[in-house]
Structures are given as structure tokens and as C-alpha cells.
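Just below is one structure, and these are the notes that go with it.
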Amino acid sequence: MITKNFESLAQWVAKCAMVLATLFLILMALHVSLDVGLRYIFGKSFTGTLEFVSFYYMVAVVFLPLAYVELQQEHISVDVLTGRLPPAVQLVFYIFASTLGLIYFGMLCYQSYLDALSATLRMETAMANFTFYLWPSRWALPIGFAAMFLAILANMIKALRLRQAL
């Protein structure tokens, strides 16, 4: 029962991150479309479009959906060799790869959290024609990596419960 609840929690976190990424994608499309339209019609554009797209929208669109893609098992994988092995060996390799993923994304989450915290405390800005705060976008990385960590752990637990590699 606890494993099902954990899998549900991981699904919920991944879906929330995906919804947030989708909202940023919509904002990016609207922002760029409006900027292009204004430039075409009036010869003027929004100040900061490049900064918002580069530092806010793109970062969120890239890092927040990672966990959702993992839970849907849609990341690129090559199983030419392992697909021919017995199911028990496939499970061992899957658990090993998942453990490496947990270590990797755990370290990424920790370091990006420290970086985001440091950027927030410094009120980090980018060089632009105006004051452009970077620190809020820094939080997309630890959120995305933490969600990915949960997704890998949930898939690992599911594989152990089903006794088969996913």
C-alpha cells in the first residue's frame, strides 16, 4: 500500500511540474508571437523578450518535464543487448541503472539547490538594458531534478514490486 501511495505521489509531482512547464511554454509562445507582431506592425518590440525566453521559459520547459517523461517511460533507451537477456538479469540491470540515476539526479538536485539558494541570497541579475533577476529561474533545476529523483525511485519500486524491468 505504501508503494502505491509513493507511486501516486511521484505521479502527482511529475504532473504538477509538467503543467507548470506547459504554462511556461504557452507564455513563451504568446510572448514571442506578440513581440514579433509588434515588431512587424509598429517597428517596436518588447524589452527583455530574449532574456525572458532564454532565462525563464526555456529553462522551465527543459527541466520541469523530466520526471513526467521518466514515469511515462519515454526517455531514449537502447535495449538491443539487454532485451535478449533473461528477465531476472534485465531486472538486475534495471535496478543498477536506476541506482546510478538516483545518485546522479540526487547530486544534481543538491548542487543546483545550493546554486539556486546562493543566487537567491545574492539576488542574481543578468546584464541587460534593465534590471533582470535571474535567481527565480535557478529554482527550476532543483525542482526538476527532485521530481526526476522521485520518478526514478517510483519506477524502481514498481519494477521491484512487479519483479520485472520497466
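The values are calculated or read from the model by the stated rules, or taken from the named source; none is laboratory data. Since the model is a prediction, treat every value here as computed from it, not as a measurement. Every residue, glycine as well, gets a Cβ built from its backbone with ideal geometry; the counts of neighbours run over all protein chains shown.
Here's the yes/no breakdown for (1) out of contact with any His (no Cβ under 8 Å at 6 or more places or on another chain); (2) at pLDDT 95 or above; (3) assigned to a helix (DSSP H, G or I); (4) not acidic (D, E):
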position	(1), (2), (3), (4)
G83	yes, no, yes, yes
Y94	yes, no, yes, yes
Q111	yes, yes, yes, yes
N129	yes, no, no, yes
* Asked: If you take the residues of region 41-61 that are of a type in the set (F, W, Y) and surrounded by fewer than 16 Cβ atoms within 10 Å (Cβ to Cβ), which of them is nearest to T22 (Cα to Cα)?
  -> F46
* Asked: In the set A60, A21, which member is within 17 Å of the chain's Cα centre (by Cα), farther than 24 Å from F130 by Cβ and in contact (Cβ under 8 Å) with a residue 40 or more places away in the chain?
  -> A21
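Every residue, every condition in (1) under 30 Å from A126 (Cα atoms); (2) crowded, with 18+ Cβ neighbours inside 10 Å; (3) touching a helix residue (DSSP H, G or I) at 6+ places or on another chain (Cβ under 8 Å), yes or no:
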| position | (1), (2), (3) |
| --- | --- |
| A29 | yes, no, no |
| R39 | yes, no, no |
| F63 | yes, yes, yes |
| T82 | no, no, yes |
| Y104 | yes, no, no |
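Going through region 65-81 one residue at a time, which ones are assigned to a loop (DSSP other than H, G, I, E, B) and under 27 Å from K15 (Cβ atoms)? Walk me through how you get there before you give the answer.
Initially, region 65-81 is screened for residues assigned to a loop (DSSP other than H, G, I, E, B), giving 65, 72-81.
Of everything in region 65-81, those that are assigned to a loop (DSSP other than H, G, I, E, B) and under 27 Å from K15 (Cβ atoms) turn out to be P65, Q72, Q73, E74, H75, I76, S77, D79.
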